[in-house]
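Before any comments, here is the structure.
The values are calculated or read from the model by the stated rules, or taken from the named source; none is laboratory data. Every value quoted in this text rests on a predicted model; they were computed, and no experiment measured them. Here the Cβ is made from the backbone with ideal geometry for all residues, glycine too, and neighbour counts use every protein chain on show.
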Amino acid sequence: MFHSIDYLKSGTHIQQRAYIVLKELNIMNDLSEYLPTLCGTIPINLNVQGSDLDIIMEVYDYPDWIKRVTALYGHLDDFIHKNKVIRNTPIVKLNFYFKEFEFELFAQNQPVKRQHAYLHMITEHAILKEAPHLGEKIKSLKRSGVKTEEAFCEVLRLRGKDPYLRLLEYGREKGFINDRTTFGRKR
């Protein structure tokens, strides 16, 4: 479902608007070789005021990717890039604004379906399908400043030091995600 953005066309007002803006920017086509995948709260209708468009990608040559993205979008408002290490994995994050949305592009050297942002979204989507009433509780917590994964852990009473990892454990326990996911591009 989340490998194309077509589902946004028939979604909520914000999802429909995101679809139009994504199409206008042409980002999914411009960066298609990196398998761009929209993740986060907007695809699963948990967005609140200020939610951004998170696009994760499978990238193995960071300098080339940065050069390409800068050429395409470097002229946009508040364009900035950061190199980070998250859980011992180097990543590159690029942010900018286009129309009313903040974009966050997230490059990691592993298949999209193995990236935590994707696995969190799949787990959260599955939870909401089983218990749709949790959506408003999650949004309420988010409006008070709680991060999405932390809100899920709080509502589900999942205990652990790291809510990001605990939510993935829960997703595996329930069979929403598994470690055999390997979809990616051929290098």
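Return the residues of segment 109-144 that are of a type outside the set (Ser, Thr, Tyr), assigned to a helix (DSSP H, G or I) and either free of Cβ contacts under 8 Å to residues at least 24 places away in the same chain or in contact with a Cys (Cβ under 7 Å, 6 or more places away or on another chain) (or both); say none if nothing qualifies.
First pass over segment 109-144, keeping only residues of a type outside the set (Ser, Thr, Tyr): 109-117, 119-122, 124-139, 141-143.
This time we only want the ones that are assigned to a helix (DSSP H, G or I), so: 112-114, 116-117, 119-122, 124-130, 134-139, 141-143.
Residues satisfying the conditions are Ala117, Met121, Lys129, Glu130, Leu134, Glu136, Lys137, Leu141.
With the checklist (1) in contact with a helix residue (DSSP H, G or I) (Cβ under 9 Å, 6 or more places away or on another chain); (2) surrounded by 12 or more Cβ atoms within 10 Å (Cβ to Cβ); (3) in contact (Cβ under 8 Å) with a residue 60 or more places away in the chain in hand, flag the one item Tyr60 doesn't pass.
Checking Tyr60 against (1) in contact with a helix residue (DSSP H, G or I) (Cβ under 9 Å, 6 or more places away or on another chain); (2) surrounded by 12 or more Cβ atoms within 10 Å (Cβ to Cβ); (3) in contact (Cβ under 8 Å) with a residue 60 or more places away in the chain, the one that fails is (1).
Just to be sure I understand the filter: pairs with C-beta atoms under 7 Å, separated by 6 or more residues or on different chains, first member in segment 73-86 and β-branched (Val, Ile, Thr), second member at pLDDT 90 or above. Which pairs pass?
Once the first residue is β-branched (Val, Ile, Thr) and sits in segment 73-86, its partners that are at pLDDT 90 or above give Ile80/Asn95.
Does at least one position in segment 72-87 carry a residue that is hydrophobic (A, V, I, L, M, F, W, C), surrounded by 12 or more Cβ atoms within 10 Å (Cβ to Cβ) and under 18 Å from Gly40 (Cβ atoms)?
Step one: of segment 72-87, the residues hydrophobic (A, V, I, L, M, F, W, C) are 72, 76, 79-80, 85-86.
Subsequent filtering for residues that are surrounded by 12 or more Cβ atoms within 10 Å (Cβ to Cβ) retains 72, 76, 79, 86.
With the extra rule that they be under 18 Å from Gly40 (Cβ atoms), the set shrinks to 86.
Yes: one or more hits.
Checking the conditions here, which among Ile42, Ile27, Ile20, Ile14 is without any contact (Cβ under 8 Å) to a residue 60 or more places away in the chain, crowded, with 19+ Cβ neighbours inside 10 Å and not small (Gly, Ala, Ser)?
Values: Ile27 fails: without any contact (Cβ under 8 Å) to a residue 60 or more places away in the chain; Ile20 fails: crowded, with 19+ Cβ neighbours inside 10 Å; Ile14 fails: crowded, with 19+ Cβ neighbours inside 10 Å.
Sole residue among the options that is without any contact (Cβ under 8 Å) to a residue 60 or more places away in the chain, crowded, with 19+ Cβ neighbours inside 10 Å and not small (Gly, Ala, Ser): Ile42.
Suppose the filter is loosely packed, with under 12 Cβ neighbours inside 10 Å and without any contact (Cβ under 8 Å) to a residue 60 or more places away in the chain; does Pro90 pass it? If you could, list the steps in order and put the result at the bottom.
Details: loosely packed, with under 12 Cβ neighbours inside 10 Å: no; without any contact (Cβ under 8 Å) to a residue 60 or more places away in the chain: yes.
Here the answer is no, as Pro90 does not meet what is asked.
Could you list, in sequence order, all residues of segment 150-173 that are among the charged types (D, E, K, R) and either on the phi < 0 side of the Ramachandran plot or not assigned by TED's automatic domain parsing to the domain that holds His133 (or both)? Break it down into steps so the answer makes sense when it comes.
Filtering segment 150-173 for residues among the charged types (D, E, K, R) gives 150, 154, 157, 159, 161-162, 166, 169, 172-173.
Correct list: Glu150, Glu154, Arg159, Lys161, Asp162, Arg166, Glu169, Arg172, Glu173.
Can you name the number of the only condition in (1) in the same structural domain as Asp77 (by TED's automatic domain parsing); (2) at negative phi that Lys99 fails?
All conditions pass for Lys99, except number (2).
For segment 81-108, how many residues meet the condition of being in a strand (DSSP E or B) and under 21 Å from Ala18 (Cα atoms)? Before you say what the answer is, go through the steps one by one.
Initial filter on segment 81-108 (in a strand (DSSP E or B)): 81-86, 89-98, 101-108.
Among the residues that remain, those that are also under 21 Å from Ala18 (Cα atoms) are: 93-98, 101-107.
Summing the residues that are in a strand (DSSP E or B) and under 21 Å from Ala18 (Cα atoms) in segment 81-108 gives 13.
Quick one: Asp54 ticks every box in (1) assigned by TED's automatic domain parsing to the domain that holds Gly145; (2) touching a Cys at 6+ places or on another chain (Cβ under 6 Å) except a single one, so which number is it?
The failed condition is (1).
Just to be sure I understand, how many residues within segment 161-187 are surrounded by 12 or more Cβ atoms within 10 Å (Cβ to Cβ), of a type outside the set (D, E, K, R), modelled with pLDDT of 90 or more and part of a loop (DSSP other than H, G, I, E, B)?
Counting residues in segment 161-187 that are surrounded by 12 or more Cβ atoms within 10 Å (Cβ to Cβ), of a type outside the set (D, E, K, R), modelled with pLDDT of 90 or more and part of a loop (DSSP other than H, G, I, E, B) gives 2.
Identify all residues within segment 123-160 that are within 14 Å of Arg172 (Cα to Cα), surrounded by fewer than 20 Cβ atoms within 10 Å (Cβ to Cβ) and out of contact with any helix residue (DSSP H, G or I) (no Cβ under 6 Å at 6 or more places or on another chain); write none if there are none. Break it down into steps so the answer makes sense when it comes.
Restricting attention to segment 123-160, the residues satisfying the condition of being within 14 Å of Arg172 (Cα to Cα) are 123-127, 158.
In the following step, the residues that additionally are surrounded by fewer than 20 Cβ atoms within 10 Å (Cβ to Cβ) were identified as 125-126, 158.
Once the filter is applied, which keeps residues that are within 14 Å of Arg172 (Cα to Cα), surrounded by fewer than 20 Cβ atoms within 10 Å (Cβ to Cβ) and out of contact with any helix residue (DSSP H, G or I) (no Cβ under 6 Å at 6 or more places or on another chain), segment 123-160 yields His125, Ala126.
When you scan segment 54-72, how many residues do you find that are hydroxyl-bearing (Ser, Thr, Tyr) and not in a helix (DSSP H, G or I)?
Residues of segment 54-72 that are hydroxyl-bearing (Ser, Thr, Tyr), as a first pass: 60, 62, 70.
Subset that is not in a helix (DSSP H, G or I): 60.
Here the count works out to 1.
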